[in-house]
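The values are calculated or read from the model by the stated rules, or taken from the named source; none is laboratory data. Remember, it's a predicted structure, so these values are computed and weren't measured experimentally. For neighbour counting, all protein chains shown are included, and Cβ atoms are generated from backbone atoms with ideal geometry for every residue, glycine included. We work out accessible area using only protein heavy atoms, side chains counted, and drop any ligands, DNA or RNA first. Shrake-Rupley method; radii C 1.70, N 1.55, O 1.52, S 1.80 Å.
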Amino acid sequence: VQLQASGGGLVQAGGSLRLSCAASGTSISSADMGWYRQAPGDQREWVAVITSRSNTHYADFVKGRFTISRDSAKNTVYLQMNSLKPEDTAVYYCNAQWVLSSKWGQGTLVTVSS
């Protein structure tokens, strides 16, 4: 399985971006899909997850601003990011978690200018 993250870029504070994580090689319908991020010099941190049953959970620092969703037909997970802040600047990674295995995508850079 491969996870291809895309949609990152440069945006001004207050702006929006939508990240995509497209899976190939296997279906992710049975996986819990998460987004994580890693800012320069920081550890990777969890941002949001959507379970195989489409339950969603968010880190406190993105609640009300970010929305995670999945499209089973496209085998893709999305992260809609609104009201972006400079502190959201990071490389964003998607992760697929099955019962016995896990897979990371390659990351997409989000830069929020003040």
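Some notes on this structure:
- In this rough spin-label picture, where each label sits 7 Å from Cα along the Cβ direction, the residue 18-residue 111 distance is 2.4 nm.
- Carbon plus sulfur fraction of accessible area for the chain, probe 1.4 Å, in percent: 47 percent
- Rg/Rh, computed from the Cα trace of the chain with Rh as the Kirkwood radius, has the value 0.95.
- Excluding ligands, DNA and RNA, the accessible surface per residue across the chain is 53 Å² with a 1.4 Å probe.
- Using θ = phi - 60° and Karplus 6.51 cos²θ - 1.76 cosθ + 1.60, couplings along the range 69-77 (whole Hz; Gly, Pro as x): 8, 9, 10, 5, 5, 9, 6, 9, 10
- Take every pair of alpha-carbon atoms less than 8 Å apart whose residues are at least six positions apart; their mean separation over the length of the chain yields a relative contact order of 37 percent.
- Whole-angstrom gap from the range 16-71 to the range 97-114, using each part's C-alpha centre: 8 Å
- Extended-chain gain in nm, criterion 0.36 nm per residue less alpha-carbon gap, residue 65 and residue 1: 20.1 nm
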